[in-house]
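Data block below; observations after.
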Amino acid sequence: MLGILQGATEFLPVSSSGHLVLAQQILGLREPELAFDILLHLGTLLAILLFLRREIAEVLGSLFRRDPEEQNEPWGRRDLLLMAVSTVPTGIIGYAFHDVVEKGVSTREVGIAYLVLTAILLLSNLRFRHKMDPERISLWEAFAIGIVQGMAVLPGLSRSGSTISLALVLGIGASRSAKYSFFISIPAILGAAALQLHKGGVTMLPFLPSTLGFLLSLIVGYIALTFVERLVTRGKFLRFAPYTFLLAVFCFYLYGKG
């Protein structure tokens, strides 16, 4: 169950951490132990690497080319700079809010975050800017996307939902928006795993459940990546808004009940 939950909600714009809070409330499903949680994140990380294998190969290949002219190339060495620019605010914000999230948030706070996410998704089809080259991402756009990625550490705010929606609003191309969001999640996932390792206390896990959880997070994560990119390119990303709104209502219901 945790492998499927991690694989699906890590990339769908529905907040994996928000779903974990609800799962804990409804099913009594406790947060996985540290080693298993890291293993699930590594499964989704491998899903990204497989999904973006062509783009990553282009970026790595550009490092060995002498020709610096990459304006006509969708992916190149400049994307490493963009990734770094996005990762800086993500890391700062994520680290600053880490202790707050670790202490736990109420279902009311998660519900408020889901309402914000719903509004963000509803705005995803709007274009507030016209870009001459929708495939090119500027440094300030990368920084802004990194900020919203960092804010998604709060349960209920989806990382993919926030970053893809902002990229679309800024006029960045649909496929480019989705893949860039997945691309900058690589250091974000690695950073989260490193922060968890810093806690210590990692123990060996039983082979069968660990393998099953890892494989399910990998397989379901890859399917979710394909599904999300297809929805974004078809202009149907906002279809998740009714679902996140219902999640917000359900969170408020649980808060009032308990």
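Could you give the size of the charge dipole of the chain about its Cα centre, using +1 on the Cβ of each K and R and -1 on the Cβ of each D and E, expressed in debye and rounded to the nearest 20? Before the final figure, lay out the partial values.
Numbers: 22 positive and 18 negative charges, 110 e Å.
In total the dipole reaches around 520 debye.
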Give me the three principal axis extents of the chain from the C-alpha atoms, as integers in angstrom, largest value leading.
59, 41, 32
MRE, 222 nm, helices only [DSSP H, n ≥ 4, -39500 (n - 2.57), over the chain, to nearest 500]:
-23500 deg cm²/dmol
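Arrange the following residues from fewest to most other Cβ atoms within 10 Å of their Cβ: Thr118, Thr233.
Values: Thr118 23, Thr233 15.
By the 10 Å Cβ count, ascending: Thr233, Thr118.
In segment 206-246, which trypsin sites (Lys or Arg not before Pro) are in a loop and have at most 16 other Cβ atoms within 10 Å, using DSSP for the loop call? Don't skip to the answer; put the middle values down first.
Working: sites: Arg230, Arg234, Lys236, Arg239; in loops: Arg234, Lys236.
In loop regions of segment 206-246 (DSSP not H, G, I, E or B), the sparsely surrounded trypsin sites (Lys or Arg not before Pro) are Arg234, Lys236.
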Against the longest principal axis of the chain, how steep is helix 241-257, in degrees 0 to 90 to the nearest 10, with axes from Cα atoms?
30
Net length gained if the chain between Arg234 and Phe207 were fully extended (0.36 nm per residue, minus Cα distance)
5.6 nm
Given the options Leu40, Leu197, Leu20, which has the most mean-square fluctuation in a GNM of the chain, springs set between C-alpha atoms less than 10 angstrom apart?
Leu197
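At a Förster distance of 30 Å, what's the computed FRET efficiency of Leu195 paired with Phe227, Cβ-Cβ distance as r, to 0.05? Walk me through the numbers on the way to the answer.
Details: r = 28 Å, r/R0 = 0.94.
The value I calculate is 0.60.
Do any chymotrypsin sites (Phe, Trp or Tyr not before Pro) in segment 156-258 lie in a DSSP loop with no more than 10 other beta carbon atoms within 10 Å, and if so, which? Please report the intermediate quantities before stating the final value.
Numbers: sites: Tyr180, Phe182, Phe183, Phe207, Phe214, Tyr222, Phe227, Phe237, Phe240, Tyr243, Phe245, Phe250, Phe252, Tyr253, Tyr255; in loops: none.
Of the chymotrypsin sites (Phe, Trp or Tyr not before Pro), not one in the loops of segment 156-258 has a Cβ with at most 10 other Cβ atoms within 10 Å.
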Could you pull out which residues in segment 158-174 have an amide N less than 19 Å from a spot 7 Å beyond the Cα of Ile92, following the Cα-Cβ vector?
163
Rounded to whole Hz, the Karplus (6.51, -1.76, 1.60) HN-Hα couplings of segment 188-193, x for glycine and proline:
5, 5, 4, x, 5, 5
Tell me, what is the FRET efficiency for Leu46 and Asp99 to the nearest 0.05, using R0 = 30 angstrom and their Cβ-Cβ distance as r?
0.55
Extending each Cα 7 Å along its Cβ direction at Leu60 and Leu215, get the distance between those two points in nm, one decimal.
2.6
Among Phe245, Ala152, Leu27, the residue whose Cα sits farthest towards the positive end of the charge dipole of the chain, when +1 is placed on the Cβ of each Lys and Arg and -1 on the Cβ of each Asp and Glu, is Phe245
Residue-ordered couplings for segment 129-145, obtained by feeding phi - 60° into the Karplus form 6.51 cos²θ - 1.76 cosθ + 1.60 and rounding to whole Hz (Gly and Pro as x), are 9, 10, 9, 4, 10, x, 8, 9, 10, 7, 5, 5, 5, 4, 5, 5, 5
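Every read-out reported here was derived from the displayed coordinates using simple, explicitly stated rules and does not represent laboratory data. Keep in mind it's a predicted model, so treat the numbers as computed, not measured. All Cβ positions, even for glycine, are placed from backbone atoms using ideal geometry, and neighbour counts span all protein chains on display.
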